[in-house]
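Input: a single structure, listed below in structure tokens.
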Amino acid sequence: METKQIQELIRAALAARGFAYAPYSRFKVGAALRSTDGRVFTGCNVENAAFTPTSCAERTALFKAVSEGVREFDAIAIVGSLDGQTNTLVTAPCGVCRQALFEFTGPALPVILARSEDDYILTTLGELLPYGFGPQNLA
């Protein structure tokens, strides 16, 4: 994956983070999921006072794409920080988001965990979710 492509996805994730609704945790997350045809679907976290109905940024981006008929993806970038603060740590997807992404991508999906455009970790979904359970397990 080229640095320019990584930085474009990180910029899209940073922009999406600006729309986060996080009045309870104040922790805002943005995600940018690129489909294999080059389209980018963004998402932000949307909290709820009841907590359980909260939607993470990664699943928001994934569900937006799937709801538009897209089912194949080649990368995701994720950024997160407390409202008004600079990122000091990377934000990795939660277990539910890892499982949701695995359903459509399997273990090879590149996952970019970013603090900024120039400060990120490039890993894979398989490294974040070893021994993932997917459609092939039900065949």
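The values are calculated or read from the model by the stated rules, or taken from the named source; none is laboratory data. From a predicted model like this one, the values you see are computed outputs, not experimental measurements. When we count neighbours, we look across all protein chains shown, and the Cβ atoms used for this are built from the backbone with ideal geometry, even at glycine.
Listed here are the residues, each with its yes/no results for (1) under 17 Å from Ala114 (Cα atoms); (2) modelled with pLDDT of 95 or more; (3) touching a helix residue (DSSP H, G or I) at 6+ places or on another chain (Cβ under 7 Å); (4) not aliphatic (A, V, I, L, M).
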site	(1), (2), (3), (4)
Glu8	yes, yes, no, yes
Arg11	yes, yes, no, yes
Ala31	yes, yes, yes, no
Ser35	no, yes, yes, yes
Glu47	no, yes, no, yes
Thr60	no, yes, no, yes
Phe63	no, yes, no, yes
Val70	no, yes, no, no
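On the basis of being modelled with pLDDT under 95, closer than 19 Å to Phe27 by Cα, outside any strand (DSSP E or B) and not basic (Lys, Arg), does Gln136 make the cut?
Taking the combined requirement at face value, the residue does not satisfy it.
Among the residues of the stretch 54-71, is any in contact (Cβ under 8 Å) with a residue 40 or more places away in the chain and on the phi > 0 side of the Ramachandran plot?
The answer is no; no qualifying residue exists.
When Cys97 is evaluated against the numbered criteria (1) at pLDDT below 95; (2) in contact with an Asp or Glu (Cβ under 6 Å, 6 or more places away or on another chain); (3) of a type outside the set (Phe, Trp, Tyr), which criterion, by number, is the only one it fails?
(1)
If you take the residues of the stretch 89-127 that are closer than 17 Å to Asn45 by Cβ and of a type in the set (Gly, Ala, Ser), which of them is surrounded by the most Cβ atoms within 10 Å (Cβ to Cβ)?
In this case the residue turns out to be Ala114.
What number of residues within the stretch 44-83 are surrounded by fewer than 16 Cβ atoms within 10 Å (Cβ to Cβ) and in a loop (DSSP other than H, G, I, E, B)?
11
Inspect the stretch 8-23 for any residue being more than 24 Å from Ile121 (Cα to Cα) and surrounded by fewer than 12 Cβ atoms within 10 Å (Cβ to Cβ) and give the result as yes or no.
Taking the stretch 8-23 as the starting set, the residues that turn out to be more than 24 Å from Ile121 (Cα to Cα) are 21-23.
Next, from what is left, pick out any that are surrounded by fewer than 12 Cβ atoms within 10 Å (Cβ to Cβ): 23.
For the stretch 8-23, residues more than 24 Å from Ile121 (Cα to Cα) and surrounded by fewer than 12 Cβ atoms within 10 Å (Cβ to Cβ): present.
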